[in-house]
1. Kindly list the number of the only condition in (1) free of Cβ contacts under 8 Å to residues at least 60 places away in the same chain; (2) surrounded by fewer than 21 Cβ atoms within 10 Å (Cβ to Cβ); (3) within 25 Å of residue B:65 (Cβ to Cβ) that fails for residue B:201.
2. Residues of region A:35-67 being crowded, with 24+ Cβ neighbours inside 10 Å and under 15 Å from the mean Cα position of the chain (by Cα), which ones?
3. Output the residue which, of all residues in region B:51-76 that are of a type in the set (A, V, I, L, M) and touching a residue at least 24 places away in the same chain (Cβ under 8 Å), is farthest from the other protein chains (Cβ to nearest Cβ).
4. Step by step: first the residues of region A:25-81, then only those that are aromatic (Phe, Trp, Tyr) and in a helix (DSSP H, G or I), then the one that is modelled with the lowest pLDDT. Which residue is that?
5. Being surrounded by 22 or more Cβ atoms within 10 Å (Cβ to Cβ) and within 25 Å of residue B:137 (Cα to Cα), is that true of even one residue in region B:66-77?
6. Answer yes or no: is there a residue in region B:211-225 that is in a loop (DSSP other than H, G, I, E, B), within 18 Å of the chain's Cα centre (by Cα) and surrounded by 20 or more Cβ atoms within 10 Å (Cβ to Cβ).
7. Within region B:99-112, can you find the residues that are in a helix (DSSP H, G or I), within 14 Å of chain A (Cβ to nearest Cβ) and surrounded by fewer than 22 Cβ atoms within 10 Å (Cβ to Cβ)?
8. So, of the residues in region A:127-152 that are in contact with a strand residue (DSSP E or B) (Cβ under 8 Å, 6 or more places away or on another chain) and either closer than 27 Å to residue A:34 by Cα or touching a residue at least 40 places away in the same chain (Cβ under 8 Å) (or both), which turns out to be farthest from the other protein chains (Cβ to nearest Cβ)?
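The values are calculated or read from the model by the stated rules, or taken from the named source; none is laboratory data. Predicted model, so just to flag it, every value in this text is computed and none were measured. Here Cβ is always computed from backbone atoms with ideal geometry, including for glycine, and neighbour counts include all displayed protein chains.
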Amino acid sequence: MNQLVLQLLNGLVVGSSLALVASGLALLFGVLDIINFAQGEFFMMGAYVLWVVLGATGNYALGLIAATVVVAVGGGLLLLLITQPLLEKAHVLVLLATLGVSLIIQQLAQNVFGGDAKLLQPPIQDSIDIGPITYPLYDLVIIAVGLGLLTAGFFWLRYAKYGVWVRAVAQNRPMAAVLGVPVPRVYLLAFVISSGLAGIAGGMLAPVTSVFPNIGGPVILNSLIVVVAGGLGNFRGAAWIAILFGEVQAVGSMLMPPVVVELISFGLVIVLLVIRSRRKTVLVRL
Amino acid sequence: MFEVNDLHAYYGKSHVVQGISLEVGRGEAVGLMGRNGVGKTTTLKSIAGLLTRTHGRILLEDADLSGMSPHVRARRGLGYVPEAQAVFPEMTVEENIRIGALIQSRANQAQCLDAAYDLFPILSERRRQLAGTLSGGQQKMLALARGLCLRPRLLLVDEPSEGLMPVNVELIAQALKKATQEGVGILVVDASFDLVRTACARMYAMDRGVLVGMYRPADFSSPEMLAATYLGDKDA
């Protein structure tokens, strides 16, 4: 029983962080119909920015803010730069461009920081008792921040002016434009938020996973699976599936080897896709 | 107040709109009629800024809108209610109306919802319903109410009566008339001669990408008589 509670919490740590990356990916697909293959590398950039700022200042909060802002602005502008000339052309070109960007960022990280894993201490070393188990407080903070951000995203999309406009552009771009919605600004916002979510997730998880150039590989793979299963462009669906995905992997690892858990996770995704294919999926929906 | 000079529009190699010039005054409703495929919808889309391959001058209260993006044209006072896919299907009726109001002040946003519900009370009853689940006629009403929410100086309306029951056509015609009384200029494309005759004091006839005449709908008793006149004019 103790082991089950422990694994459920571990699943939430992985799932809530994955949900941030995946919901960013879903948002971008909803608004612009593009898949950003560099999202995993934005996650990695967030981890490195945290490592650099933490090394220079010793201030974790500052490092996390820097990770979010640097990746949001840098990633957002980068996406704007590479996708703008390609948006009116075939979508596969945007896909290939983001794939190229991901390889470049990965190689740059390798050259600048080296291939070794940078180990970070969590900023909070305490543990607390949750019933019969003792759990690291920092991991609980990751869960709280992850779920908090997803909830904030949910309400922002539902009630805030720009949130409503993001959904409007996702559902009917020409109509949104003729109603005065500044579509180019909404695009930029989607780029920035999507990148920023990956940046903050990378920064938060850095002390848990360590930091190395290929850290984004599994992240983008899992995010793509989650986004496809959650319904392309569906912010809420991506968040839920990410958390489910984290839980299945964590709880499954109690019962069987990790490879089998992975296979079951992928099987689950296929089942979800079959179910989803029977009904029309929708874009950014709340 | 509103003027289009020598407007051309292309789809690929096809030259769909071939040099149209027209005018709409403040508080005036003007019809644009013609057979299917002559370029009426393309004309409205070009004016709204939704087509990229266009040229010609579009003047709204002396400001040249040509070359501006659609959202800037909307903020300058140009509204557009398209024929199809006019609503955001996964948003509620109220959210749909709010989108048109979000570029205005908070006070105007509240007024906008009230005005939309006054115009079409059915929308008030269905305010929490997803717009994609409304009937075709209700979606038309929603799109028109939302278009008026923008408080446009000129509203382009494409086929507002298509697929509607006669009672609803009358409602739409009354809504257009009310808007003109409040000073909104309207350019409406519609196949319903009754609607054009009720709402518009004058109309342009269009055939194969060009305007072939300007008429007073009140002078004609049937759409056939009108078509015979303008097609005859063109042939002459």
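1. (1)
2. Within region A:35-67, A:36, A:38, A:39, A:40, A:41, A:42, A:43, A:44, A:45, A:46, A:47, A:67 meet the criteria.
3. It comes out as B:59.
4. A:29
5. yes
6. no
7. B:106, B:108, B:109
8. A:135
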